[in-house]
Amino acid sequence: MPNIPGANALNTITFDGGNGNKATRIISFSPSAAPNWHVVRFDACNYVTFRNLTIQSTSSSGAWVAHFFNGSNNRINNCTINLTGNSIGSSNFTGVVINGNKTNVGTVTSIGNNHLLDSNAINLNGAYYGIFTAASGGGSNTFKFFYNTINNAYQYGCFFQNNHVIKFNNNTINFGTYITSSIGVYMPNNNLTGLNFHEINGNKFVNVGQTGALISTSSGSSSVQSQLYNNMMVGFKYSSGAQGIQLQSSSNWNIYHNSINFDIAASSLSACVYINFGTGINVQNNILTVSNASSNNSFPLYVNPSGAISTLNYNNYLNASSTNLLQIAAVNYTTANYKAAYPTGGGANSINEDPLFVSSTDLHITDGCNNGANLGLTVDFDGNARGSLPDIGADEIVASVDNLAMVAIVSPITNSVSAGPVNITVRIKNQGSNTVNTGNVSYILNGGSPVTISIPSSIAPCDTMTVTFTGVMMSTGTNNFTAFTSQPNGNTDTYFGNDTIKTTYCTSLNGTYTIGGASPDYANFNAAVAALNCGGVSGKVIFNVRAGTYNEAIQINSIYGSNDTNTVTFQSESGIPSSVTLQNNTGTAFTLKIFNGDNIIIRNMKIAAGNNPTTRCRL
């Protein structure tokens, strides 16, 4: 589309396939070489819209499926943008390009302005970039991306290069499985002045890879802060140092109301929010969760130096991998000392609570009792109105009227119990807006009939209460326990997702047991190890392993109750090493793994890699 004389804000030009018709209104082309990489090019034109169409490249050489070359006020709305036949990972392929050159993707435009992509599906099939913009006009170049879904980029979902305004709101970036180092939004060298500011708000980053949003040497204006609001990030894959939001030498940003679940077992420094240099950064009302207990050197928040942040408060920090919640200028702050004013803590009003996400991948919350500061944001991730005391995180929960939640099992604190009667204490919470005056708390053991007691007193909104079930009769072995609430104020609970909690109790082991052979205590090694990992030990334990070959991989974790006296021994029953072979044909990269276990003895057995070529080690 060249420049069309007479086109303006009133005299617009639209190519429209009609609502519901884009699957059958297809512009398809196979570009072969620069400078004609495009399927559709806005060639210095203005006020042109493509709507309800499929625009696709079938090239194996290269493609910029939609190319905005200079021009202004052009739009792609409710279209499907496809790459098919492209080389996976080749930088010749990009879904959408906005720049000032027809050959070099990184050449800036100084005059392109006010282009809009909204409500599109951009299917990249491993193209290197999803969206690439390059402009240098500062506040005179503004590009907007709203309600798009960007699927299966190889390296970058979006790449916003040089000084121009980005409004990237309410989009979904969903990476495939090509590489683990992918980045959702990368903004290098993109600095603003005057009253201009960036917006990266209300987006969902799925299967993030290495970094959700990387802001590098890209500062907001000193007059108006740039925004990172209401984003959700989950599905990290890069284990050698990953971040949800990373600000590198970037200043004047507000990081408000984001929910980040860092769920990879990282092996080196990682953080939900990672801030390295810069000034004037405010971090408030965020849920920052390291949920993988095996992650190493991982923090909800990392800051260096302390002067990078101006305000830090009202965040929810949770770390399943250690007690460390923040690192500020090389000083770790833990669950014991984080609750202090910055820079000697994570904020006096910050908390360390389970956010009670709907699931590990759905970061909507089920508990609306953790409130932050009113920062002037009027809506949440979903567009729901924020309250005057808004919920921390991206989601503002719509309060239920009668909502009695089962929060935690308070005791026993381990899964190891003795056979016979056991008292079990649970914590319940009123997560509704009404005071709960009456209600039921029940348990089911091993699929039996429910045992129900009434709450002993009223519970005000957001208050908790402990309730004890006395004489819960545990059997020898494994016991499946379910506790749940019901009938708050005699009514059906208005939200069932937080009513139930389940766990498994196991009786501790003590004495001699058999593995394998006729009528054994445990059919194989994994059955015995499962009993150990669940119930622990209350005395010295010996497993006599009967003759045979056991094709399995076993992992022995830390065993509750083990010590120098209460050791755990696996040995051949006959004492002849050749009579017992433990070997791995399962595809796991080990035959025997001891993970944080102590006082474990392996005696008189053969341990082998088996015939599995992927087994890297026996032990």
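Some notes on this structure:
- Residues of region 461-479 with an amide N closer than 13 Å to a point placed 7 Å from the Cα of ASN489 along the Cα-to-Cβ direction: 461-462.
- Straightening the chain between SER538 and THR466 buys 23.1 nm, computed as 0.36 nm per residue apart minus the Cα-Cα spacing.
- Here the scattering of region 1-99 is modelled by Debye summation over its C-alpha atoms, one equal scatterer each and no solvent; at q = 0.22, 0.23, 0.24 Å⁻¹ the log10 of I(q)/I(0) is -1.11, -1.17, -1.23.
- Solvent-accessible area per residue for the chain (1.4 angstrom probe, square angstrom): 38
- A straight chain from GLU353 to SER449 at 0.36 nm per residue would run longer than the Cα-Cα distance by 31.3 nm.
- Accessible carbon and sulfur surface of region 384-453 relative to its total accessible area, %, 1.4 Å: 53
- Where the Cα pairs of region 50-99 fall when distances are cut into 5 Å bins, in %: 5, 20, 28, 22, 17, 7, 1
- Relative to the compact-globule estimate of 2.2 N^0.38 Å, the Cα radius of gyration of region 294-361 comes out at 1.09.
- The simple Förster model, with R0 at 35 Å and r as the Cβ-Cβ distance, assigns ALA23 and SER110 a FRET efficiency of 0.40.
- Residues with amide H under 5 Å from that of ASN201, placed H, sequence gap 5 or more: PHE168, ASN169, ASN170, TYR229
- 222 nm mean residue ellipticity, helices alone, for the chain (DSSP H n ≥ 4; -39,500 (n - 2.57); rounded to 500): -500 deg cm²/dmol
- Tilt relative to the chain, helix 525-535 - C-alpha long axis, 0 to 90 degrees, to 10: 90
- Placing one equal scatterer on every Cα of the chain and applying the Debye formula, the log10 ratio I(q)/I(0) at q = 0.08, 0.12 Å⁻¹ is -0.73, -1.20.
- Region 1-152 - percent of accessible surface contributed by carbon and sulfur, probe 1.4 Å: 48
- Beyond 30 Å in Cα-Cα separation lie the following of the pairs LYS540/LYS606; LYS167/LYS429; LYS339/LYS593; LYS22/LYS237; LYS237/LYS606: LYS167/LYS429; LYS339/LYS593; LYS22/LYS237; LYS237/LYS606.
- With distances taken between every two different alpha-carbon atoms, region 45-144 has a Kirkwood hydrodynamic radius of 13.5 Å.
- Percent accessible area from carbon and sulfur atoms, region 510-568, protein chains only, probe 1.4 Å: 44
- Shape summary: region 299-437 maps onto an equivalent ellipsoid whose semi-axes, from the alpha-carbon gyration tensor, are 29, 24, 12 Å in decreasing order.
The values are calculated or read from the model by the stated rules, or taken from the named source; none is laboratory data. A quick note: this is a predicted structure, and the numbers were derived from the prediction, not measured. Please note: Cβ atoms are built from the backbone with ideal geometry, for glycine as well, and neighbour counts cover all protein chains shown. When the accessible area is computed, the model is the full protein with side chains, heavy atoms only, and any ligands, DNA or RNA have been set aside. Shrake-Rupley method; radii C 1.70, N 1.55, O 1.52, S 1.80 Å.
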